[in-house]
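Here is the structure we will look at.
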Amino acid sequence: MHPIGLPPCARIRVPFCSILLIVSSTLPAQGRDLPPPPPQKERQKAEVYVTARETGDRLTKKATLTFVPLEQPDEHVPTIILDPAKTFQTLVGIGGALTDASAETFAKLPPGKQQEILTAFFDREKGNGYSLCRTNIHSCDFSSASYTYAETPGDTALAHFTIAHDLKYKIPFIKAALAIAGPELRLFASPWSPPAWMKTNNDMLHGGKLRPEYGWTWASYFVRFVEEFEKAGVPIWGLTVQNEPMAVQPWESCIFTAAEERDFVKQHLGPVLERSGLSRIKLMIWDHNRGIMYQRAKVVYDDPAASKYVWGTGFHWYVGDHFDNVRLVHDAYPDKELVFTEGTESNFDPATVRDWKWGEINGRSLMMDLNNGAAGWVGWNVILDEQGGPNHVGNYCMAPIICDTKSGELTYMNSFYYLGHFSRFIRPGAKRIICSSNWDDLMATAFLHPDGTVAVVVLNQTDVDIPFHVWIDNRAVTSNSPAHSIETLVLP
C-alpha cells in the first residue's frame, strides 16, 4: 500500500517516535496543554425587569420566565439571538461624574436625602451600583467659581500646590460614594484648563493653549493631583489629557491639536507619570465628540513613542451620534480601550425634566457605544440643583436626579432608570457577547459575567408593544417589550 496522497517515489522511512514528535509539535497549544472548553450552560430561567413610559414600572421586576426548546429562531418573529461563546470587550464600568456642582448640591441637602442619593447611585443591591466615575481637576464650568491648585504665577516647582478647595465639598462627596460602592468604584479625572499663568491667553476661560515652557510643570501638576487626592483617601484610576481639546468655551477650556496632544503625552505627561511611579494610571486621549475621534486616535496611536503611554480614547456625544466612529477606532486599534466620558441633556428646563425622551437618549447612546466596543460609559453630573447648576457661567444642564436645595425634594429623571438597566445588571468584568436582533424596532446588547450569568438589555423606542423571543442554544423564552420601554433580562 502507498501512503495516502503520496506516489511510491515519495515514501520516506521515519521512526515512529519522530512522527509522534512532529505531530505533537504542530498541535495548537490549546490542544496539547489546555482542557477542552466547558459545555455551554443550559439556561432554565430569565428574570425580567422593566421601565416603561405608560406604566408605573421603574426598574420593576415583572416576571421569571422559563426557557423551552426551540431549534431555531423564526425570522418573522421578533427575536434576540445570543451566543455566549463569542465574546468581545470587557466592561470597565458604568457611572456618572462627581463634580463640584454635584458635591455642592449634595452638601445643601438634609442628611436623609444625602443618604437616599448615595444609595440610589452607588449601592449594588438597592441602587444603580455605579462602578466608573469622573471628576474635574480644579474648576470646570460646573463649579461655583474658577480656581486652581497652584494660584501663584511662575510657581514651576508647584511649591504652593494645594487641594484645600476640594476638601470642603468634592472630596467628602467622593469619599461618601466610595464608602457605599466599595473598591469596585473606579475614578478618573479630567482638566478643563491649566492655570491661567501657564496659558498663551493668560486666562483659564476662552480657549488658549498651554505655553511650551510649562509642559513639564503642567505634567507634574497631574502627578501632584493624583498624589494629593490619594493622600486624602481618594484613589485615582485614570486621567484624560484634556477635556474637549477642540472647543473654545466661555468657561475653562484649552486647545490641543492632535499633534500637540501627542507630543505633550510623549514628551511630558507620559514620562512624568512613569518616573513618578504612576504607570498604573489609565491615560485617555481626546475626551471630546465622536465626530473626529478616529483622526485624533490615529495621530497618537500611530506614534509608538506616544502610544505606549496611552490606555484608551475618551469621547462625548454633543455634535451628532457618529456611533460608527467608535467601532472604527476599536477595529483599527483593538489593543486600546474606549470610554464614553461625558454626555448630558443641555439647556436645563424644569418643564421638560420628566420628558421620556431623556431616558431613551441615554439608553440608545449607551447601547450603541457598548455594541461598538466601548469598555466604559460615564454620564455627566450625577445630581444638580433646581436650576441645573451650580455653574459659574450659566451653562445649566440636566442630571439623573434634580435636587431642590430649598425643599429637599428629589426629582428622578427617566435617565436615572434607563442608566440603571445597564449599571445594575452589567458589572465590571463582564464580557460583551453576540446579541443579534432580527427586528429593526428592538435594539439590544448582552454581557456574560464570570459566574456564567448573562444580562440582556432590550430597548423599544416605538409607540407599540413588541412581543419577542430571547433565543440561546436551541432554547427560548417569550417576553414583551412595552412601547417606549427598556427591559433587562437576567439569565442565571
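Key figures
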quantity: Bins of 10 Å from zero: percent of alpha-carbon pairs in the chain; calculated: 4, 18, 27, 23, 14, 8, 4, 2, 1, 0
quantity: The chain: DSSP helices with Cα axial extent of at least 24 Å and average Kyte-Doolittle hydropathy no lower than -1.0; calculated: 215-231
quantity: Local electrostatic count, residue 206, Cβ distance below 14 Å [Lys/Arg +1, Asp/Glu -1]; calculated: -2
quantity: Per-residue Cβ neighbour rank within 10 angstrom, fewest leading, 226, 68, 299, 339; calculated: 68, 299, 226, 339
quantity: Cα centroid separation - region 425-449 against region 241-293, whole Å; calculated: 31 Å
quantity: For region 261-377: relative contact order, % (alpha-carbon pairs under 8 angstrom, 6 or more apart); calculated: 25 percent
quantity: Local electrostatic count, residue 482, Cβ distance below 12 Å [Lys/Arg +1, Asp/Glu -1]; calculated: -3
quantity: Flagged links, alpha-carbon separation over 19 Å, of 199/308; 108/175; 62/86; calculated: 199/308; 62/86
quantity: Taking 426, 180 and counting other C-beta atoms within 10 Å, the order from fewest to most; calculated: 180, 426
quantity: The chain, relative contact order [Cα under 8 Å, separation at least 6], %; calculated: 22 percent
quantity: Simple label model, 7 Å out from Cα along Cβ direction - residue 434 to residue 90, nm; calculated: 2.3 nm
quantity: For 141, 335, order by how many other beta-carbon atoms lie within 10 Å, fewest first; calculated: 335, 141
quantity: Environment charge of residue 85, counting only residues whose C-beta is closer than 15 Å and scoring Lys/Arg +1, Asp/Glu -1; calculated: +3
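Rule-based calculations on the coordinates, nothing more; no lab input. Source: prediction; values computed, not measured. Note: ideal-geometry Cβ built from the backbone for every residue, glycine included; neighbour counts use all protein chains shown.
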